[in-house]
Amino acid sequence: MCVFKRTLFGLLASALFFSSSANAACLGDQNTTSKVFTFDVVPQLTAAKIYTTWSPLLQRVGQDAGLCFELRVAATIPEFEQKLLKGEPEFVFLNPYHAVLANQKKKYQPLLADSEDLLTGILVVRADSSIKSLDDLKGKNVSFPAPNSFAASLLIRAELAKKKIDINPMFVKTHSNVYRSVIGKDAVAGGGVNNTLDNEAPEVRQQLRVLYETPAFTPHPVATHPSVSAAVRERFLKAMFKLTQDEEGRKLLEGINLNRPQAVIYAKHYKPLESLQLEKFLVLTGP
């Protein structure tokens, strides 16, 4: 797909979202008599990028599963967190520690995640930077997407605190903004994750160097509110697995970094994160 077509699709997808909620588009089976399920995606990337990748996937999955979705993207990660902790999304794509919070607060249950690429947090610096170790970051500006981004912020800030390395954190909303803040020298380093850096254009990646990488964890899951029935969860899961069977479907999965979906459960895949004791680094806003 050419750049013009990708850009045009992104703009059209964004326009769908910003239309009146009373006329919210149904992504999926237009003829279903069942309800429209809200599907929220954590805004770690730009809204245009999220709509461009998730809209066609939910359209295909919804058609195959006989379901209908309203894709929603909050303006910021803190806004997304407020909606999540109020229990507003029915389906939600969220980071691993959000999955812990959502389970503890509202009993959300993870459904599937990628089995191919584990999630690691990374600290990047400019390729030509003189920064050689974490100690070199003392007293420096370091950018992060948001306070509660799991691997890109919480894990890295916890590691720096453990090593008694005080920094000046800057929260710049998205992973893309982090990488550009480092390239533009607004920050000497920035926190991201392996798969969002991989998704950047080559001209962005070649200007950055990975200074530090965290241990690996099960990546972002799709989770559901307890009001979503087991039958609906199963239909969604089967439709996602079906995408692996043809080239078009595999490209849709690649677009959201979910190349090889696997069923996941909270007790096995996300409950272990509770032992990391990241609560002291959380910054929750709103009621």
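The values are calculated or read from the model by the stated rules, or taken from the named source; none is laboratory data. Because the structure is predicted, anything quoted here is derived from the model rather than measured. Note: ideal-geometry Cβ built from the backbone for every residue, glycine included; neighbour counts use all protein chains shown.
A compact table of results
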{"item": "Failed condition for Ser115, given (1) surrounded by fewer than 18 Cβ atoms within 10 Å (Cβ to Cβ); (2) in contact (Cβ under 8 Å) with a residue 60 or more places away in the chain; (3) closer than 26 Å to Ser229 by Cβ; (4) in contact with a helix residue (DSSP H, G or I) (Cβ under 9 Å, 6 or more places away or on another chain)", "result": "(4)"}
{"item": "Which listed residue, of Val61, Val92, is in a helix (DSSP H, G or I), among the hydrophobic types (A, V, I, L, M, F, W, C) and at pLDDT 95 or above", "result": "Val61"}
{"item": "Top-ranked residue in the range 26-47 [being buried (at least 20 other Cβ atoms within 10 Å of the Cβ) and in a strand (DSSP E or B); ranked as farthest from the chain's Cα centre (by Cα)]", "result": "Gly28"}
{"item": "Pairs where the first residue, in the range 209-227, is assigned to a loop (DSSP other than H, G, I, E, B) and the second is among the charged types (D, E, K, R), C-beta under 6 Å, 6+ apart", "result": "Pro219/Asp114; His225/Glu90; Pro226/Lys107"}
{"item": "Filtered residue count, the range 27-49, keeping only those that are touching a strand residue (DSSP E or B) at 6+ places or on another chain (Cβ under 8 Å) and among the aliphatic types (A, V, I, L, M)", "result": "4"}
{"item": "Sole residue being at pLDDT 95 or above, in a helix (DSSP H, G or I) and of a type in the set (S, T, N, Q), chosen from Thr244, Thr196", "result": "Thr244"}
{"item": "Residues of the range 178-207 satisfying the condition of being surrounded by fewer than 21 Cβ atoms within 10 Å (Cβ to Cβ), in contact (Cβ under 8 Å) with a residue 24 or more places away in the chain and farther than 23 Å from Asn259 by Cβ", "result": "Arg180, Ser181, Ile183, Lys185, Asp186, Gln206, Gln207"}
